[in-house]
Amino acid sequence: MNPPSASPAAHSDAASALLDDLVEAFPGESVSVGELLDRLDSRAHGVLLLVLALPMCIPNIPGISTIFGFLMLAPALQLVFGSHRLWIPRGMREMRIDCEALRKTLRVATPPLKRIEYLIKPRWSALTRFPATIVIGLQTLLMALILILPIPFANWPPGMTVAMTALALLQRDGILMLLTIPAALASVLSVYVGARVSVAILGNAVEWMQALFN
């Protein structure tokens, strides 16, 4: 059964339509973070979080989670303070993103997003506005900090949580925002599991080295 088709007006505001626009918007080799934010304008919080979270939801280059987690800090903090316009330091605005990698990520993520976004719609929208964004921002800040940490097996849950948060912000869906709470708890659990795995691997490596030189 195919999902209900959205009206043209609704489609123009859909997250997948925004991502399609971004795929075509920057044909060059790279784009600065500032140029990306200027393109997004008032939608910057939600779309930037979505663009940063999507690579965490698919196999990606090792270490990219640290960079993208760092970039998430700015929108997370401004959600806490209820800022309507996304401001970031000049140095961060001048950071550049490889356009081909960005387009590849968006093209991979957009088809599954189109299949589920008909379920996401404006409801309980007060949960997506200030002062509810204080809690949203703090939760996103925690997810960003988790992504910054070099912990194995800990990227996917916070990435999914931030992606859900971004979609909820874009579509003013308070119910989806509530669903990010258990997702965030799963992310914290992933840190614990990842840390235990890291400690076990490190311990085994130390024992192996000791046995090798004894």
Filter result (among the hydrophobic types (A, V, I, L, M, F, W, C) and either under 16 Å from the mean Cα position of the chain (by Cα) or crowded, with 20+ Cβ neighbours inside 10 Å (or both)) within region 114-152: Ile136, Leu138, Leu141, Leu142, Met143, Ala144, Leu145, Ile146, Leu147, Ile148, Leu149
May I ask you to list the residues in region 69-91 that are surrounded by 16 or more Cβ atoms within 10 Å (Cβ to Cβ) and of a type in the set (A, V, I, L, M, F, W, C)? Phe70, Leu71, Met72, Leu73, Ala74, Ala76, Leu77, Leu79, Val80, Leu86, Ile88
Against the definition (open to solvent by 20 Å² or more (accessible area, probe 1.4 Å), over 19 Å from Pro182 (Cα atoms) and not aromatic (Phe, Trp, Tyr)), how does Pro157 come out, yes or no? no
Residue by residue through region 176-185, note down the ones that are open to solvent by 50 Å² or more (accessible area, probe 1.4 Å) and either touching a helix residue (DSSP H, G or I) at 6+ places or on another chain (Cβ under 8 Å) or over 29 Å from Pro122 (Cβ atoms) (or both). Leu178, Leu179, Ile181
Condition met for Leu119 (at pLDDT 70 or above and under 18 Å from Leu170 (Cα atoms)): yes
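The values are calculated or read from the model by the stated rules, or taken from the named source; none is laboratory data. Since this is a predicted model, take the numbers as computed values, not measurements. Positions of Cβ are backbone-derived with ideal geometry, glycine not excepted, and every protein chain shown enters the neighbour counts. Areas reflect the complete protein model, heavy atoms only, side chains present, ligands, DNA and RNA absent. Shrake-Rupley method; radii C 1.70, N 1.55, O 1.52, S 1.80 Å.
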